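Trainee: Can you read through this structure? Questions will come right after.
The values are calculated or read from the model by the stated rules, or taken from the named source; none is laboratory data. Nothing here was measured: the structure is a model prediction, and the numbers come from that model. Cβ coordinates were reconstructed from backbone atoms using ideal geometry, including for glycine residues, and neighbour counts include every protein chain displayed. Each accessible area value is taken on the protein alone, full model and side chains, heavy atoms only, with ligands, DNA and RNA left out. Shrake-Rupley method; radii C 1.70, N 1.55, O 1.52, S 1.80 Å.
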Amino acid sequence: MENMFRLADQDQGFFQRKWTLVNGPVIVGAGPSGLATAACLREQGVPFVVLERAECIASLWQKRTYDRLKLHLPKQFCQLPKMPFPEDFPEYPTKRQFIEYLESYAKHFDINPKFNECVQSARYDETSGFWRVKTVVTSGSNRTEFEYICRWLVVATGENAERVVPDIEGLAEFGGEIIHACDYKSGEKFQGKKVLVVGCGNSGMEVSLDLCNHNASPSMVVRSSVHVLPREIFGKSTYELAFFMLKWLPIWLVDKLMLILTWLVLGNVEKYGLKRPSIGPLELKNTQGKTPVLDIGALEKIKSGDINVVPGIKRFSRGEVELLNGEKLDIDSVILATGYRSNVPSWLQEGEFFSKNGFPKAPLPNGWKGNGGLYAVGFTRRGLSGASSDAMSIAKDIGMVWKQETKQHKKRTIACHRRCISQF
């Protein structure tokens, strides 16, 4: 798959260190973003190495999502470059179907990541013009450190690499079960329990709905304003409708039209404790990265009272929570649907392209390319379609340089061969 040269620096008992010269880019992350980039590079004829800290591709999807999860957008907006979803897949594929698609995608493009390799650091060597990427592989009692030396580095660890756990007063004293939404699989084990869901994004809404469907009693914390939109408007995907209107209309007008249509479908949601932001859903997504909630049934449960909407949390105590309005609730379990964050600042030793929050500093559409052969894929807050667009841009950019240098190398080789012949 790739042309590499290896040299063992140390091999002493339980500790080994090796370095590898990569003839092509190193891609950090084997999620959809990393796979899309690898596939596009394969089409360009550029060799690559994909590093993945987990033992499988798309570990977020395989290990940190709940069972009932489906894609929130129609499949045509979620497919990766060069390979559409199977025709027999539904419009909104399930979690299992999406994983099957990604596994087929990796097989089709012969993408074989190096699993269980956790990147510890990556820095650009100004003297040599190469990136030095250090990883650790632990197998039993053996710990092996690798250093990959490459000309191009593609950061594909994504927006959701690490869970966010808020510091809430008294949470450690609660005494009941506390899990993050990434560890939630099903509401089955919460049957008959009073559960506090902290967070009202897509995960918080779906977890609350799933708890209802398993005869639990969820209370959902809505601390700030949130846009709730129907997944479909009059049988048409809300996202598809907005995408179509944006071709002809300014974003502020599309936002106004979307909110009018939403009101016609869902009614006034503010009287149920779901206050809308002053900024429209599309503008809010573009400027602050906050994704609107696409309702798939949770709102009906809120209206019926099966999901209890509560304000922010003041503090926890043994077996109960006190809310900002002074109300106290007896609860059995807490599920933190408090989101995720980028982990790029913890390992990438660079301060020009990425900001402290782990996202590229450059605004759209320039957030995919930095200096010195550094690239980012999947950080545009535009979901899978944004990652696919980044991947194609990155592969085209690297491929252009690769083909030019390969062509020049062949010319030099032919010229040298001719000179050698002429001497006889």
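Trainee: Using +1 at the C-beta of Lys and Arg and -1 at the C-beta of Asp and Glu, which of Ala181, Val221, Phe244 has the Cα lying farthest in the positive direction of the dipole of the range 164-339?
Mentor: Of Ala181, Val221, Phe244, it is Phe244.
Trainee: Looking at the chain, what % of its DSSP beta bridges pair antiparallel, to the nearest 5?
Mentor: 50
Trainee: Here's something else I'd like to know. Quick query: amide H of Gly170 versus all other amide H atoms, modeled in the peptide plane; which residues come in under 5 Å with a sequence gap of 5 or more or a different chain?
Mentor: The list, which skips near neighbours in sequence, is Phe316.
Trainee: Using alpha carbons only, what's the Rg to Rh ratio of the chain with Rh from Kirkwood?
Mentor: For the chain, the value is 1.03.
Trainee: Summing -39500 (n - 2.57) over the DSSP H runs of n ≥ 4 in the chain and dividing by its residue number, what mean residue ellipticity at 222 nm do you reach, to the nearest 500 deg cm²/dmol?
Mentor: -9500 deg cm²/dmol
Trainee: Which distance in nm do the two modelled labels at Glu100 and Lys82 give, with both placed 7 Å along the Cα-to-Cβ direction?
Mentor: Here the answer is 2.3 nm between the modelled labels.
Trainee: Apply the Karplus parameterisation 6.51 cos²θ - 1.76 cosθ + 1.60, with θ equal to phi minus 60°, to every residue of the range 130-145 and state each ³J(HN,Hα) to the nearest whole Hz, in sequence, with x for glycine and proline.
Mentor: Going residue by residue, I get 10, 8, 10, 10, 9, 10, 10, 10, 10, 10, x, 8, 8, 10, 10, 9 Hz, with x marking Gly and Pro.
Trainee: Suppose each label sits 7 Å from its Cα in the direction of the beta carbon; what would the Gln288-Leu253 distance come out to in nanometres?
Mentor: About 2.6 nm, to one decimal.
Trainee: Quick check: net charge around Ser186, other residues with Cβ under 10 Å of its Cβ, Lys/Arg +1 and Asp/Glu -1?
Mentor: Here the count lands on 0.
Trainee: Suppose every K and R has +1 on its Cβ and every D and E has -1 on its Cβ; what is the size of the dipole of the range 164-339 about the Cα centre, in Debye to the nearest 20?
Mentor: 480
Trainee: Calculate one ³J(HN,Hα) per residue across the range 104-120 by plugging θ = phi - 60° into the Karplus curve 6.51 cos²θ - 1.76 cosθ + 1.60, and present them in order as whole Hz with x for glycine and proline.
Mentor: Here the 3J(HN,Hα) series is 5, 4, 4, 5, 4, 9, 6, 9, 10, x, 8, 7, 6, 10, 9, 6, 8 Hz.
Trainee: Whose amide H sits under 5 Å from the amide H of Trp19, counting only residues 5 or more places off or on another chain, with H placed in the peptide plane?
Mentor: Leu7, Asp9, Glu147
Trainee: For the chain, find the longest principal axis of its Cα atoms and tell me its angle to the long axis of helix 383-422, 0 to 90°, nearest 10.
Mentor: It works out to around 0 degrees.
Trainee: Probe of 1.4 angstrom, ligands and nucleic acids ignored: what's the accessible area per residue over the range 346-395, in square angstrom?
Mentor: Accessible area per residue, the range 346-395: 45 Å².
Trainee: Once the Cβ-Cβ distance between Asp330 and Lys236 is put in as r, and R0 is 45 Å, what FRET efficiency do you end up with, to the nearest 0.05?
Mentor: It comes to 0.55.
Trainee: With no solvent and one equal point scatterer placed on each C-alpha of the range 42-115, evaluate the Debye formula and give log10 I(q)/I(0) for q = 0.15, 0.28 Å⁻¹, two decimals.
Mentor: Cα-only, vacuum Debye calculation for the range 42-115: -0.57, -1.36.
Trainee: Turning to a different aspect of this structure: Beyond 21 Å between alpha-carbons counts as too far, so tell me which of Lys95/Lys396; Lys185/Lys271; Lys63/Lys114; Lys75/Lys256; Lys63/Lys290; Lys271/Lys301 fall in that bin.
Mentor: In this structure, Lys95/Lys396; Lys185/Lys271; Lys75/Lys256; Lys63/Lys290 lie more than 21 Å apart at Cα.
Trainee: I want the local charge near Gly170. Using Cβ-Cβ distances under 14 Å, sum +1 for each Lys or Arg and -1 for each Asp or Glu among the other residues.
Mentor: Combined, the nearby Lys, Arg, Asp and Glu give -1.
Trainee: Another question, then. Would you be so kind as to identify which of Asn308, Asn286, Gly129 lies farthest towards the positive end of the dipole of the chain, taking Lys and Arg as +1 and Asp and Glu as -1 on Cβ and the Cα centre as origin?
Mentor: Gly129
Trainee: Give me the percent of the accessible area of the chain that comes from carbon and sulfur atoms, probe 1.4 Å, all protein chains in place.
Mentor: 51
Trainee: So with the 1.4 Å probe, I'd like the accessible area per residue for the range 55-209, rounded to whole Å².
Mentor: That works out to 46 Å² per residue.
Trainee: Taking θ = phi - 60°, what integer Hz values does the Karplus form 6.51 cos²θ - 1.76 cosθ + 1.60 yield along the range 188-203, in sequence order, with x for Gly and Pro?
Mentor: Result, rounded to whole Hz: 4, 6, 9, 3, x, 9, 8, 10, 9, 9, 9, x, 10, x, 4, 5.
Trainee: If you don't mind, another one. Tell me the label-point distance for the pair Glu405, Thr138, using the 7 Å Cα-to-Cβ offset, in nm and rounded to one decimal.
Mentor: Reported label-point gap for Glu405 and Thr138 is 3.5 nm.
Trainee: Residues with beta-carbon under 13 Å from that of Lys361, excluding Lys361: net charge, scoring Lys, Arg +1 and Asp, Glu -1?
Mentor: Net charge in that neighbourhood comes out at 0.
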